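J.: The structure is given below, and queries will be raised subsequently.
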Amino acid sequence: MSLRTHVRSVAAGAGAVALLTSLTACSGSTDSNAKEITVYSADGLHSADGKGFYNKVFKDFEKKTGIEVKYVEGGSGEMVQRLTREKSNNKADVVVTLPPFIQQADERGLLEPYRPAGSHKIAPGDRSADGTWTPVVNNYFSFIYNSEQLPAAPKTWEDLLDKKFENRLQYSTPGVAGDGTALVIKAMHDFGGEEPAMAYLKKLQKNNVGPSPSTGALEPKVDKGELLVANGDVQMNYADAKASYPNNKIFFPAVAADRKPTTFALPYAAGLVKNAPHEKNARKFLDYLLSPEVQEQVSPVAGGFPVRQDVEAVGEDAVALRKILDGVEIFTPDWRDISENLDEYVKAWKEATGS
């Protein structure tokens, strides 16, 4: 089965799409009986060309229930900040972000506990204990390189310090983008703590083009050879490479040549917004996201991994996705620590890099 995926808008096009979705959402009804919901989400699952995972899910959900989905997209941190600002007058019903921002939303009291139908089929350690959020598409942190200009992927973090990457390497902004924050998390794990990780990122800064609020905006730059390396995530990088950016290949740097490369799960996680204007509709939508019929579409349509243990990913895309992770060590971050100390880690990153 061929992959139907999203193609991300960049530059002016991205701004136009973001503005359009924001205006559409803001015009939504506050009538609790209105047949609609508003979803605030990190980017990666929706497509301007209409072929993304969200595009299909929203359309099928409306056909099934009569409930229209209004959509607002941005970085994970941006979505939580928006919810925080609107706390006294909520406009969103459902929020979807990458960790640790879903945990941050929970800690700020922005989420209402709700266990969607089927959530018991998700491993307990992968969902919140109190039911405030559940993963809906599993995913893993990754890097990409231009396979046309580089004969092989960089093997280690040290390789990325090579002079050939000067002004040809870029990663998205920690604290703003979920994947940018994930880069700091992986560095802290691989180097054994905050201090050695920041010391490394300080050295890497000589090659770094500079901050980027959007991880997706880096993909076309790598594909064209403007950049040689960028950060990302498996779902986005696999889907977009197959659809639009054939020169982009996924890799995971190791801390040393004699060590395994590492990564960690970085799922899209959804929560019911506290005091949501259309709570009943939102609950139906969360149930639908975890339904077997939707979870079976996660690999072939989204390029990700299903979160339900009773739904097996099958087909050529599932095989290819599993192969990407062959030989890669999967670690589990201490999300509570990261969420509680995120501001400190971002501050340390800014000080180390002068950003």
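The values are calculated or read from the model by the stated rules, or taken from the named source; none is laboratory data. Nothing here was measured: the structure is a model prediction, and the numbers come from that model. Cβ atoms come from the backbone with ideal geometry, glycine included; neighbour counts cover every protein chain shown.
J.: What is the number of the single condition among (1) closer than 24 Å to D337 by Cβ; (2) modelled with pLDDT of 95 or more that V176 does not meet?
T.: (2)
J.: Ok, one more. Given (1) in contact (Cβ under 8 Å) with a residue 40 or more places away in the chain; (2) surrounded by fewer than 20 Cβ atoms within 10 Å (Cβ to Cβ); (3) over 23 Å from Q104 (Cα atoms), where does G303 come up short, assuming only one miss?
T.: (2)
J.: Another question, then. Which of (1) free of Cβ contacts under 8 Å to residues at least 40 places away in the same chain; (2) crowded, with 16+ Cβ neighbours inside 10 Å does D337 not meet, given it meets every other one?
T.: (2)
J.: How about segment 161-214: which of its residues are assigned to a helix (DSSP H, G or I) and among the basic types (K, R)?
T.: K163, K164, K186, K202, K203
J.: Considering only residues that are at pLDDT below 95 and more than 14 Å from the chain's Cα centre (by Cα), which ones fall in segment 195-218?
T.: G210, P211, S212
J.: Tell me whether segment 195-205 contains one or more residues that are under 27 Å from S244 (Cβ atoms) and either acidic (D, E) or crowded, with 20+ Cβ neighbours inside 10 Å (or both).
T.: no
J.: Follow-up question, since we're still on this one. Could you please let me know if P246 is under 19 Å from the mean Cα position of the chain (by Cα) and of a type outside the set (A, V, I, L, M, F, W, C)?
T.: Against the criterion (under 19 Å from the mean Cα position of the chain (by Cα) and of a type outside the set (A, V, I, L, M, F, W, C)), P246 does not qualify.
J.: So, one more: Surrounded by fewer than 24 Cβ atoms within 10 Å (Cβ to Cβ) and not assigned by TED's automatic domain parsing to the domain that holds S76: does that describe Y288?
T.: Against the criterion (surrounded by fewer than 24 Cβ atoms within 10 Å (Cβ to Cβ) and not assigned by TED's automatic domain parsing to the domain that holds S76), Y288 does not qualify.
J.: Continuing with the same structure: So the check is Cβ under 9 Å with 6+ separation or different chains; which pairs have a first residue in segment 68-83 that's under 18 Å from S214 (Cα atoms) and a second one that's of a type in the set (K, R)?
T.: Within 9 Å, the pairs are V72/R82; V72/K91; G74/R82; V80/R108; R82/K91.
J.: Inside segment 234-273, can you point out the residues that are basic (K, R) and surrounded by 18 or more Cβ atoms within 10 Å (Cβ to Cβ)?
T.: K249, the sole residue that qualifies.
J.: S2 versus (1) surrounded by fewer than 16 Cβ atoms within 10 Å (Cβ to Cβ); (2) part of a loop (DSSP other than H, G, I, E, B); (3) at pLDDT 65 or above: which is the lone unmet condition?
T.: (3)
Let's see how each residue does on (1) surrounded by 23 or more Cβ atoms within 10 Å (Cβ to Cβ); (2) modelled with pLDDT under 95; (3) aliphatic (A, V, I, L, M):
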position	(1), (2), (3)
L111	yes, no, yes
G118	no, no, no
P135	yes, no, no
F143	yes, no, no
Q149	no, no, no
H189	no, no, no
G193	no, no, no
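J.: Look at E312 and say whether it is over 22 Å from T173 (Cα atoms) and charged (D, E, K, R).
T.: Taking the combined requirement at face value, the residue satisfies it.
J.: Regarding A153, is this residue small (G, A, S), touching a residue at least 24 places away in the same chain (Cβ under 8 Å), out of contact with any Asp or Glu (no Cβ under 8 Å at 6 or more places or on another chain) and crowded, with 20+ Cβ neighbours inside 10 Å?
T.: Taking the combined requirement at face value, the residue does not satisfy it.
J.: If you don't mind, another one. Tell me yes or no: at least one residue of segment 219-240 is out of contact with any helix residue (DSSP H, G or I) (no Cβ under 9 Å at 6 or more places or on another chain), assigned to a helix (DSSP H, G or I) and either within 25 Å of P99 (Cβ to Cβ) or among the small types (G, A, S) (or both).
T.: yes
J.: Name the pairs whose Cβ atoms lie under 8 Å apart, with the first residue in segment 229-246 and more than 16 Å from Y171 (Cβ to Cβ), the second assigned to a helix (DSSP H, G or I) and modelled with pLDDT under 90, and 6 or more positions between them or separate chains?
T.: none
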